[in-house]
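**Student:** Sharing a structure, written as structure tokens. Questions coming.
The values are calculated or read from the model by the stated rules, or taken from the named source; none is laboratory data. Owing to the predicted nature of the structure, the values given are computational and were not obtained by experimental measurement. Backbone-built Cβ (ideal geometry, glycine too); neighbour counts: all protein chains shown.
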């Protein structure tokens, strides 16, 4: 794997730090007029999701990490693992709940998502920004209500709970922004 | 169509720069300080291992010579002082290779001035006067003066003048900089650079100019030792809103001491496999001939403009064309 020097640390670059794969978020050059130059770097640990700051001497280098985001189709959940497939190659990957994390709340069979692979093994799963899911549980709304009010909780097929307007009913399909967990609209067939 | 033909900064920023230059020239004109120009290309350059230079080739057959873009006009200006120029100032470009970032551009504008007969105290008073003019409409608090030791202790609890490895390590681990332990090791100078730039500087000058003086002797650069304390030197740095704006000295006039510092830095360059430079023998000759007692300081004008703008967050917003579109 390639080696990257501090002046090549750009947002998005994947590197190995303390034996974990990490992504560079931000890299600030810090140098006193007279004195040592440093790079103060914000780094996301791709295994834990934690963000840390770390200072390097300018010119130090780190090994790159073999990390790629691959679009895959979500197939099914066997109770222990969720299974994903790359459309072009039919290659399949499995990931446990720890790796899937909150993304599991938005994964519907056959939907597409991004699986982050580190050395060809799943590291994290990211759902599409917008998903369309059916409501399986919610209080009956009052007729004539508009979307202006406070709303009510609704449970979706995947288990996620989102706030929806009062007029939305069980059995309806809604569009949700997975980044915020917010209701966007009803989906009309 | 590509968009990088456009300037990095706004027209308002261009106007602010023009006004700043006028204000500075008026300030020094009123004080009878002579404006000078010195070469950007020189046959020597600074030996500081922390400064990387640009070099180029001068062809004038049969002569082939390496010339260096100056990292600071200091040496040439000191030669003018030794030749009897009296107090002088210069507004010009300086070049430092590899320095690019939010507060750095490899080519930048410096204001550098030397006052014959001034002490460091006199110089700090003049800096305060200049800032009062330049920042007149910004409602700043009066300038503050702190010794390096006091300001370092206030922010870290550590003694900057006496290196205590255990104390420094404990502080770093407890304050989110555990990597400093391995990075700095037993190198006091490196510890000071790292802790000062991460834990002290960001908090300096929030309401106005902050002048930090009496630097530790290990960070002496071209400053004279303090007469009252062998652990410190007569050096001052300027900070405002966490940004380093300038660096000044009660200038070293001793040619022998200067030669020793050159040799030490040349040796450090060899040890670190950095490009070799030779000592500036013309500067040494000028010092031997006699540099008058003087105090001098350099200020980064692009950073001053950054602070004057009030809204800019990066140096590029003050430059017509930052290095990425120069």
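**Student:** Would you call residue B:148 out of contact with any helix residue (DSSP H, G or I) (no Cβ under 6 Å at 6 or more places or on another chain), within 14 Å of another protein chain (Cβ to nearest Cβ) and modelled with pLDDT of 95 or more?
**Tutor:** Yes; evaluated as a whole, the condition is true for this residue.
**Student:** Going through region A:38-50 one residue at a time, which ones are more than 30 Å from residue B:247 (Cβ to Cβ), assigned to a strand (DSSP E or B) and within 14 Å of chain B (Cβ to nearest Cβ)?
**Tutor:** A:43
**Student:** So if I check each of A:71, A:53, which one is more than 14 Å from every other protein chain (Cβ to nearest Cβ) and either assigned to a strand (DSSP E or B) or touching a helix residue (DSSP H, G or I) at 6+ places or on another chain (Cβ under 6 Å) (or both)?
**Tutor:** Result: A:71 is the single residue among A:71, A:53 that is more than 14 Å from every other protein chain (Cβ to nearest Cβ) and either assigned to a strand (DSSP E or B) or touching a helix residue (DSSP H, G or I) at 6+ places or on another chain (Cβ under 6 Å) (or both).
**Student:** Please go through region A:83-122 and give me each residue that is under 19 Å from residue A:134 (Cβ atoms) and surrounded by 15 or more Cβ atoms within 10 Å (Cβ to Cβ), ordered by number.
**Tutor:** Listed by number, the residues that qualify are A:103, A:104, A:105, A:106, A:107, A:108, A:111, A:113.
Residue by residue, here is whether (1) closer than 25 Å to residue B:18 by Cα; (2) surrounded by fewer than 18 Cβ atoms within 10 Å (Cβ to Cβ) holds:
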| site | (1), (2) |
| --- | --- |
| B:78 | no, no |
| B:81 | no, no |
| B:86 | no, yes |
| B:89 | yes, no |
| B:95 | yes, no |
| B:98 | no, yes |
| B:106 | yes, yes |
| B:109 | yes, no |
| B:112 | yes, no |
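**Student:** Filter region B:133-158 down to the residues that are surrounded by 15 or more Cβ atoms within 10 Å (Cβ to Cβ) and in a loop (DSSP other than H, G, I, E, B) and list them by number.
**Tutor:** Of everything in region B:133-158, those that are surrounded by 15 or more Cβ atoms within 10 Å (Cβ to Cβ) and in a loop (DSSP other than H, G, I, E, B) turn out to be B:135, B:140, B:143, B:158.
**Student:** In this structure, does residue B:50 turn out to be under 30 Å from residue A:7 (Cβ atoms), without any contact (Cβ under 8 Å) to a residue 12 or more places away in the chain and within 21 Å of the chain's Cα centre (by Cα)?
**Tutor:** Against the criterion (under 30 Å from residue A:7 (Cβ atoms), without any contact (Cβ under 8 Å) to a residue 12 or more places away in the chain and within 21 Å of the chain's Cα centre (by Cα)), residue B:50 qualifies.
**Student:** Residue A:21 versus (1) closer than 18 Å to residue A:58 by Cα; (2) crowded, with 18+ Cβ neighbours inside 10 Å: which is the lone unmet condition?
**Tutor:** In the conditions (1) closer than 18 Å to residue A:58 by Cα; (2) crowded, with 18+ Cβ neighbours inside 10 Å, residue A:21 misses (1) alone.
**Student:** Mind checking which residues of region A:36-56 are loosely packed, with under 15 Cβ neighbours inside 10 Å and either within 17 Å of residue B:198 (Cα to Cα) or outside the structural domain of residue A:7 (by the TED database) (or both)?
**Tutor:** None - no residue of region A:36-56 is loosely packed, with under 15 Cβ neighbours inside 10 Å and either within 17 Å of residue B:198 (Cα to Cα) or outside the structural domain of residue A:7 (by the TED database) (or both), so the list stays empty.
**Student:** Can you report the number of residues in region B:159-175 which are crowded, with 17+ Cβ neighbours inside 10 Å and within 14 Å of chain A (Cβ to nearest Cβ)?
**Tutor:** Residues flagged as crowded, with 17+ Cβ neighbours inside 10 Å and within 14 Å of chain A (Cβ to nearest Cβ) within region B:159-175 amount to 2.
**Student:** If a residue has to be closer than 18 Å to residue A:38 by Cα and not in a helix (DSSP H, G or I) to count, how many in region B:162-175 make the cut?
**Tutor:** 1
**Student:** Within region B:176-269, considering only strands (runs of 3 or more DSSP E) that don't extend past its boundaries, which have at least 2 residues that are within 10 Å of chain A (Cβ to nearest Cβ)?
**Tutor:** Correct list: B:232-240, B:243-250.
**Student:** Now for a separate question. When you go through (1) in contact with a helix residue (DSSP H, G or I) (Cβ under 7 Å, 6 or more places away or on another chain); (2) not assigned by the TED database to the domain that holds residue A:107 one by one for residue A:82, which number turns out not to apply?
**Tutor:** Result: residue A:82 passes all but (2).
**Student:** Only residues that are buried (at least 21 other Cβ atoms within 10 Å of the Cβ) and either at pLDDT below 95 or at positive phi (or both): list them for region B:296-326, please.
**Tutor:** none
**Student:** Considering only residues of region A:17-32 that are over 21 Å from residue B:101 (Cα atoms) and over 20 Å from the mean Cα position of the chain (by Cα), which is farthest from the other protein chains (Cβ to nearest Cβ)?
**Tutor:** The extreme case among them is A:19.
**Student:** Something else: With the checklist (1) within 14 Å of chain B (Cβ to nearest Cβ); (2) under 19 Å from the mean Cα position of the chain (by Cα); (3) without any contact (Cβ under 8 Å) to a residue 24 or more places away in the chain in hand, flag the one item residue A:35 doesn't pass.
**Tutor:** It fails just one condition, (2).
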